[in-house]
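Read the structure below first, then the notes.
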Amino acid sequence: MQEAAAGSRSVALQSCASRGLTRRSTRAVLESYATFQPRAAIWQQDYKNRMRLQRSISLSPSSQISGDDLAPLASAAGPAFNRTVTHRMNLPVVLTIAGSDNSAGAGAQADLKTISALGAYGVTAITCVVAEVPGKVSAIHPVPPAIVAEQIRLLFGAFPIAAIKTGMLYSTEIIHTVAETLAECFARAGVKPALVVDPVMVATSGDPLLLPDAVACYREQLFSLATVVTPNLDEVRTLLGRAITSVAEMRDAAIELTTRHGTAFLIKGGHLRTEIATDILILPDGTLHTYEAPFVPGVSTHGTGCTYSAAIATALGRGLALPEAVGEAKKFVTSAITGYLRWEKDGRTTDALHHFSS
C-alpha cells in the first residue's frame, strides 16, 4: 500500500509540474492524495469483499442459503451490503404511470425519488415527455398509447407490482389505454394492486397538462379502478364546476365526489394558502380523516402533488391502510417542502423539493 501511495505521489508531482501549478496548488493536490489513498485502499478491499459475497449467492428464487453460510462474508462486506442482501428479494415494487419532467421536480422523476426515499423499488410507464422547469411548461410530446400500454404490460409480466399511481395522462386516448390495460393486467394477475389516481390537469405554473375533452374519460374509466383519487383544489373545480374556498367546502366536495364515484377521495387544500395546509380524506363508507401541517410560504411547490401521490402509493405498497398511508405521505411531502432546495442563476430563482431531506 505504501509503494502504491508513493507511486501516486510521484504521478501527482509530475502532473502538477507539467501544468505549471504553483507550490501552494501542488501542496493542496498532494494533501488530497494523502487523504484519498488510504480511503481508496479501504474501498478497494471492501469492493473485493462484496464481490466475494455476491459470487457466493445465487439470486434465483430456488436458492437455499442459510444465514450461517453468509455470516463470515457478510461481516467482511460491511453493513451497507448487509442491508442490500437483506432487502434484495422483498422490496415492494411501485409503478408510476406519468409524464417525464426534465427538471426532475415533478412527474416520473419526482415519483422515483419519492418511492426510493420511502423504501420501495420504482418502475415507470412514461406517458408524455414534457419540456419544463418550475414556473414554465414549453412543450408536451405525448407518447403513443400503444407504447404506454406495452410499458405497463411488460412491467406486470416481470414484477410483482404492489401499488400504482397515475400522474399526467394528458389525453383521452392515453387515459382510455391506461384504464383498459390496467384492467387487463389486474384480471390476468388475479389481484388488484392499490391504485392512486392523481388527476393531473394543471401545472403549478398554471399551464394546462390535460386536454379539455379528457376529463370525462377520467370520470368514466379510471376513477372506478382507483383506491383513492387525490385532486387539488383546481382539479376539484374542474370536476365539480365550482370553486372551493374553505375547509368546510373541501369537506363537502370530498363527500360529493366519493358518493358519486364510489371510491375514496383525498382533497388537498394547499392552494387555500392558509397558515395550516389541510387535506381531507373521505372513504367510501363515509369515514372522514383530516390531515394538517404548517403551510410553508415563499417556496415554489412544483411537484408536490406528484410527490404526495407517489408517497401514498408507496405506503400502500408496503401494506399500510389508506388513512395511515396518507398520514405518512403528508409528513413526507411536508418535509420535502420544508427542506427545499434553491438555486440562483442569471437573476432567476429555481426551487425544488428535497426528497431526501429527512
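Each value in this text was obtained by applying a stated rule to the coordinates, not by laboratory testing. Not measured: the values here are computed from a predicted model. Here the Cβ positions follow ideal geometry from the backbone for every residue, glycine too, while neighbour counts run over all protein chains shown.
Computed on the Cα trace of region 134-218, the radius of gyration divided by the Kirkwood hydrodynamic radius gives Rg/Rh = 1.00. Residue 143 sits among other residues whose Cβ lies under 15 Å from its own Cβ, and their net charge, with Lys and Arg +1 and Asp and Glu -1, is -2. When you count the other C-beta atoms within 10 angstrom of each residue and take the mean per peptide, 100-112, 308-320 line up highest first as 308-320, 100-112. Note on residue 90 and residue 238: the model spin-label points, each 7 Å out from Cα along the C-beta direction, lie 4.1 nm apart.
Relative to its residue count, region 93-352 spans a Cα convex hull of 115 Å³ per residue. Counting lysine pairs in region 93-352 that sit 8 or more residues apart in sequence, or on different chains, and whose Cα atoms lie under 23 Å apart gives 13.
Calculated from the alpha-carbon coordinates, region 225-343 shows an Rg and a Dmax of 13.7, 46 Å respectively.
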